[in-house]
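Asks: Take this structure, written in structure tokens, and hold onto it; I'll ask about it next.
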């Protein structure tokens, strides 16, 4: 018998001896585990940082409501997308991943409409502080998502890392929007939303490094 | 066996394996290896490499089995893992060969820079004489060069075959090139 084939047979025998009863992982439980921890974390952070004083007033503005809603949908779309990407065959439902770019496009359109509708732009003096705040808001969600997805078996580790970071930073941006009293679209774009591109690139590197199996 | 039937059989075997049935798991892995060999053979020539990649994929199936739901067809899941591991292998293989080719190129460039004026059609060395010079090298150097250049193995593979580590193989090859370069340059 070919020596190579014989080695493979022995290998199969060795693997078979290691088999134990185990459960299949599913998307919804992973997503809910992530979300539940994140919600608690964000509530605590918002308690520490405080909500913006004009929040109830802002919720009467349609564009603000649209922005918050679409950010929330982005969080869900990215987190679910990341979870799907953690399966080798993406659950054979790649079409679900379309919701991630669709949510981004919807968000860009909302921002554009907000920009057109803004009358006077009063940019706050701070900038980098917002970036640091978003990083803080996003830190635990990002780490927790990577921990959950490391147990999976992704065949698209860099993409998964990017989408996972986008999920976490979307949540961070959403939280800061509820906390920081600023409505300058230019400021939001420069210090809240564009840096998410950098985080996505960082996520790609982290995915390649930490999501191996 | 038709594709759908094969998928159903593998899905059933995986369901039993997830419940802890080692015989079903063994059958599943054997069937997976049987499915994978033609797929891998289209991309690799060396039999040892094919079996190495097949074993790597089987190990990945073992690690990732919790991500398979037997309500989905088995083949797409299997081929997703197979493609992933094959790309890993090819990337590593080409990186090893590229690194080796760069080292070899540095040696050849070193010789070429010193002999730019020479007419390449008037070389004192032809293929047979180079082969003779290789065979006249000492120790394991002839075997190393033969395995690397005539059989196309990487330094790591040569090391495994002859019981040396990869660095030692590269050092021995490097020394052999120096000796050959001296002879070709007439020193």
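The values are calculated or read from the model by the stated rules, or taken from the named source; none is laboratory data. The structure presented is a predicted model; accordingly, all values stated were derived computationally and were not measured. Glycine also receives a Cβ, built like all others from the backbone with ideal geometry; neighbour counts cover every protein chain displayed.
Asks: Any chance you could count how many residues in the range B:33-51 are more than 7 Å from chain A (Cβ to nearest Cβ) and more than 20 Å from residue B:5 (Cα to Cα)?
Replies: Our first condition is that a residue be more than 7 Å from chain A (Cβ to nearest Cβ); within the range B:33-51, this holds for B:34-46, B:49-50.
Adding the requirement that they be more than 20 Å from residue B:5 (Cα to Cα) leaves B:40-46, B:49-50.
Within the range B:33-51, residues that are more than 7 Å from chain A (Cβ to nearest Cβ) and more than 20 Å from residue B:5 (Cα to Cα) number 9.
Asks: Restricting the search to the range B:36-58, which residues are part of a helix (DSSP H, G or I) and out of contact with any helix residue (DSSP H, G or I) (no Cβ under 7 Å at 6 or more places or on another chain)?
Replies: Here is the first cut: in the range B:36-58, the residues part of a helix (DSSP H, G or I) are B:36-41, B:47-58.
Scanning the range B:36-58 gives B:38, B:49, B:52.
Asks: Somewhere in the range B:77-88, is a residue assigned to a loop (DSSP other than H, G, I, E, B), over 18 Å from the mean Cα position of the chain (by Cα) and either within 9 Å of chain A (Cβ to nearest Cβ) or closer than 23 Å to residue A:87 by Cα (or both)?
Replies: Of the range B:77-88, the ones assigned to a loop (DSSP other than H, G, I, E, B) are none.
Among the residues of the range B:77-88, not one is assigned to a loop (DSSP other than H, G, I, E, B), over 18 Å from the mean Cα position of the chain (by Cα) and either within 9 Å of chain A (Cβ to nearest Cβ) or closer than 23 Å to residue A:87 by Cα (or both), which makes the answer no.
Asks: Before we move on, is residue B:56 facing another protein chain (nearest Cβ under 7 Å) and over 20 Å from residue A:23 (Cα atoms)?
Replies: No; evaluated as a whole, the condition is false for this residue.
Asks: Let me ask something additional. Would you confirm whether any residue within the range A:149-156 is in contact with a helix residue (DSSP H, G or I) (Cβ under 8 Å, 6 or more places away or on another chain) and free of Cβ contacts under 8 Å to residues at least 60 places away in the same chain?
Replies: There is no residue in the range A:149-156 that is in contact with a helix residue (DSSP H, G or I) (Cβ under 8 Å, 6 or more places away or on another chain) and free of Cβ contacts under 8 Å to residues at least 60 places away in the same chain.
Asks: Sort out for me the helices (runs of 4 or more DSSP H) sitting completely within the range A:1-98 that have 2 or more residues that are within 23 Å of the chain's Cα centre (by Cα), over 17 Å from residue A:172 (Cα atoms) and modelled with pLDDT of 90 or more.
Replies: Because the criterion is at least 2 residues that are within 23 Å of the chain's Cα centre (by Cα), over 17 Å from residue A:172 (Cα atoms) and modelled with pLDDT of 90 or more, the helices (runs of 4 or more DSSP H) in the range A:1-98 that meet it are A:27-49, A:62-85.
Asks: Assess whether residue A:48 counts as being surrounded by 15 or more Cβ atoms within 10 Å (Cβ to Cβ) and either under 28 Å from residue B:16 (Cα atoms) or more than 10 Å from chain B (Cβ to nearest Cβ) (or both).
Replies: Judged against the criteria, residue A:48 is not a match.
Asks: Provide a single number: the residues in the range A:127-157 that are part of a helix (DSSP H, G or I) and under 14 Å from residue A:213 (Cβ atoms). Write out each step before concluding.
Replies: In the first step, residues of the range A:127-157 are kept if they are part of a helix (DSSP H, G or I); the result is A:128-150, A:157.
Filter once more, so that each one left must be under 14 Å from residue A:213 (Cβ atoms): A:146-150, A:157.
Qualifying residue count, the range A:127-157: 6.
Asks: Would you check if residue B:13 is in contact (Cβ under 8 Å) with a residue 12 or more places away in the chain and either within 10 Å of chain A (Cβ to nearest Cβ) or in a loop (DSSP other than H, G, I, E, B) (or both)?
Replies: Against the criterion (in contact (Cβ under 8 Å) with a residue 12 or more places away in the chain and either within 10 Å of chain A (Cβ to nearest Cβ) or in a loop (DSSP other than H, G, I, E, B) (or both)), residue B:13 does not qualify.
Asks: State which residue pairs qualify: first residue more than 7 Å from chain B (Cβ to nearest Cβ) and inside the range A:6-34, second residue assigned to a loop (DSSP other than H, G, I, E, B) in any location, beta carbons under 9 Å apart, and separation of 6 or more residues or different chains.
Replies: A:9/A:1; A:26/B:69; A:27/A:86; A:27/A:87; A:30/A:86; A:30/A:151; A:30/A:152
Asks: Moving on to the next point. Checking the condition within 29 Å of the chain's Cα centre (by Cα), at the interface with chain A (Cβ under 7 Å from one of its Cβ atoms), surrounded by fewer than 18 Cβ atoms within 10 Å (Cβ to Cβ) and in a helix (DSSP H, G or I), which residue from B:30, B:64 passes?
Replies: On the way: B:64 fails: surrounded by fewer than 18 Cβ atoms within 10 Å (Cβ to Cβ).
Only one candidate passes the filter, namely B:30.
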